[in-house]
Structure formats: structure tokens, C-alpha cells
Amino acid sequence: MEKSLLRQEVIPFFGQFTILILVAVLSDQVLHFFHLVWVGRYLGIPGTLLILLSLLYSLRKRKIITVGNPKTLLSLHETLTWIGALLVLVHAGIHLNTILPWLAMIGLIVNVLSGLVGQRLLHRSRQHLLELEEKYRLSGMSAEDIEKEVFWDSVTYDLMAKWRVVHFPISLAFAVLTLGHIISIFLFWEWR
Ligand code: HEM
């Protein structure tokens, strides 16, 4: 059980985050090596667009749009935010002079970490549900055991619900900081 928790949840969680940071640092080094630092300046734009595109899942979930498989759109959300975050990190790592972009970058990292936690919780919840179905199917189970199983199931769902209360405001804070950063860039251009 402990081994499977490590393999199924802990390693994917830290793995995805560590790879994100390593690839960002490596890309930054490559850009510096080839004197392409200016490229990083523009990577913020596709990065932000990918993150925005990933929010199609949220529109689908809230029935603002009705096309698209929710499961596929959630996978897309997870993948596009990861790639988007990578591009934004390379963009940010190269030139961070003022406080607002720093805060936006911290917001992004916290947002990604929160997303990865949610991904693991969802994975766990799904597994519990499958296990429960299997147990019902076998049906040789005592009422007490079923109750225990249902309890754990509700705990994981409860955790998921609590996590949603956190992930959404974090996303909002990140969006506000990013918007502030983008507006300040435009203001800076106008004043020059
Ligand atoms: C820039 C980074 C991110 C932003 C702005 C963001 C934003 C959001 C938002 C707004 C929602 C709520 C959708 C809704 O209820 O309408 C959401 C849900 C979710 N996100 Fe993220 N997210 C980010 C990164 C990630 C990452 C990196 C992952 C995992 C790899 C992830 C996994 C999830 C999961 C599993 C849900 C829950 C789906 C559900 O409860 O229906 N997110 N995200």
C-alpha cells in the first residue's frame, strides 16, 4: 500500500514538478548559450495563451460550452498548463526586474503545485470509486466493511471539494497578478 502510494502519487507529483523546473532552467541556459535571450521575452505570450486555452475545461464543466469530452479537456488542461507554465518560467527567468512579475511568477508556481495536488487527489478518488464498484460487484462484504469503504470514499471526495476551494482562488490571484503585469507592460510602452 505504502509502496503504491509512493509510486502512484508521490513520484508523479514531484516528478512532474521537478522536470518542469529542470527543463525551464535548461532552456534558459540554452537561450543564453546561443545568445537568444530575446526569445524568452516573447515566450510569455504563447505560455499565457496555452494556459487560457486550457481553461476550456472550466467552460465545459460549467456548461458555458457543450462540446468536447470533459475527461479529454481535463487532460488538456493538465498538459497545456504544464507546457504554458514552462514557457512562462523561461520567459520570467530571463528578465525579472520589478516586483509584480516576481509575484506573478510565484503565483504561477503555487498554482501549478496546487494543480498537481488536485490531480493526485482526483486520481486517488477515482481509484477509490473503482475499488468500491468492484467490492459491490463481489457483494460478499459485510455492512460494516461497506460503510468503511464508503467513508473513505467520502473522505477523498471531501478532500477534493476542499481542494477546489483552494485551487480556484489561487488561479484568480494568479490571473490578477498576470493581468497587472501585462497592463504595466503596455503602460510602460505608452510612456516611452
Ligand atoms: C497556470 C496554472 C493553472 C491554472 C490557472 C489553473 C486553473 C484551474 C481552474 C480555474 C480550475 C477550475 C475549473 C472549474 O471548476 O471551473 C482548475 C481545475 C483543475 N485543475 Fe487547474 N490550473 C492550473 C494548473 C493545473 C495543473 C498544472 C494541473 C495538473 C497537472 C491542474 C489540474 C487541475 C485539476 C485536476 C482540476 C480539477 C478538475 C475539477 O475539479 O473538475 N491544474 N484549474
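Taken together, the values in this text are just the output of simple stated rules run on the coordinates, not laboratory data. Here the structure is a predicted model, which is why all the values come from computation and not from measurement. We place every Cβ from the backbone using ideal geometry, glycine too, and count neighbours over all the protein chains shown.
Just a few scattered comments:
- Quotient of Cα Rg and 2.2 N^0.38 Å for region 1-95, N being how many residues it contains: 1.32
- Candidates D158, D145, D28, ranked by Gaussian network fluctuation over the chain, Cα under 10 Å, top entry: D145
- For the chain, the alpha carbon positions stretch 75, 37, 29 Å along the principal axes, listed from largest to smallest.
- Taking S27, S142 and counting other C-beta atoms within 10 Å, the order from fewest to most: S142, S27
- Inter-label distance for A143 and I11, nm, one decimal - labels placed 7 Å from Cα along Cα-to-Cβ: 4.2
- Order of S184, S54 under a 10 Å beta carbon neighbour criterion, fewest first: S184, S54
- The ellipsoid that matches the Cα gyration tensor of region 98-192 has semi-axes, each √(5λ) in whole angstrom, of 46, 9, 8, with the longest given first.
- Listed by Cβ neighbour count within 10 Å, with the fewest neighbours leading, L113, L31 appear as L113, L31.
- Projected label points at R62 and E131, each 7 Å from Cα along the beta carbon direction, are separated by 3.4 nanometres.
- Positive dipole terminus of region 1-95, leading residue within L31, A92, L74 (C-beta point charges): L74
- Highest-MSF residue in the chain out of L52, L22, L130 [GNM, Cα springs under 10 Å]: L130
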